[in-house]
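Asks: Here it is, the structure, as structure tokens.
A short reminder: the numbers here are calculations on the coordinates, not readings from a lab. Keep in mind it's a predicted model, so treat the numbers as computed, not measured. Glycine also receives a Cβ, built like all others from the backbone with ideal geometry; neighbour counts cover every protein chain displayed.
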Amino acid sequence: METNVTNNYSRKQESIERQVRRSNLKLFNIPMPENEYSEDLEEIVLDKISNELGINKEDIGLDTTHHGPSRTSPNPIITRV
């Protein structure tokens, strides 16, 4: 009985995590300045999306932006739209 509850909990947790990640963008190979702050990082992402996709920066709504884990350099940037 306990194993079934644990398995059910794990499946539900995985499902919730997948739903949360659906609105994430993971951006690779974006050169970063040495000392950037979170506001700078968001501005860099806005510029990149605007330039590459031709979208006005005012029309792009980013929720959070941060560096993701990576074994390579530069780290990917994860942003939620």
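Asks: Which residue pairs have Cβ atoms closer than 6 Å, lie 6 or more positions apart in sequence or on different chains, and pair a first residue in the stretch 50-68 that is closer than 21 Å to residue 29 by Cβ with a second residue that is among the charged types (D, E, K, R) and not in a helix (DSSP H, G or I)?
Replies: So the pair list comes out as 64/80.
Asks: Taking the stretch 21-30 on its own, how many of its residues are surrounded by 10 or more Cβ atoms within 10 Å (Cβ to Cβ) and farther than 22 Å from residue 71 by Cβ?
Replies: 1
Asks: Determine whether residue 16 is touching a Leu at 6+ places or on another chain (Cβ under 7 Å) and either loosely packed, with under 10 Cβ neighbours inside 10 Å or without any contact (Cβ under 8 Å) to a residue 24 or more places away in the chain (or both). Before the answer, list the steps.
Replies: On the way: touching a Leu at 6+ places or on another chain (Cβ under 7 Å): no; either loosely packed, with under 10 Cβ neighbours inside 10 Å or without any contact (Cβ under 8 Å) to a residue 24 or more places away in the chain (or both): yes.
Spelling it out, it is not the case that residue 16 is touching a Leu at 6+ places or on another chain (Cβ under 7 Å) and either loosely packed, with under 10 Cβ neighbours inside 10 Å or without any contact (Cβ under 8 Å) to a residue 24 or more places away in the chain (or both).
Asks: Right, another one. Which of the residues that make up the stretch 35-81 are of a type in the set (A, V, I, L, M) and surrounded by 10 or more Cβ atoms within 10 Å (Cβ to Cβ)? I'd like the intermediate steps shown before the answer.
Replies: So in the stretch 35-81, the residues of a type in the set (A, V, I, L, M) come out as 41, 44-46, 49, 53, 55, 60, 62, 77-78, 81.
Scanning the stretch 35-81 gives 41, 44, 45, 46, 49, 55, 60, 62, 77, 78, 81.
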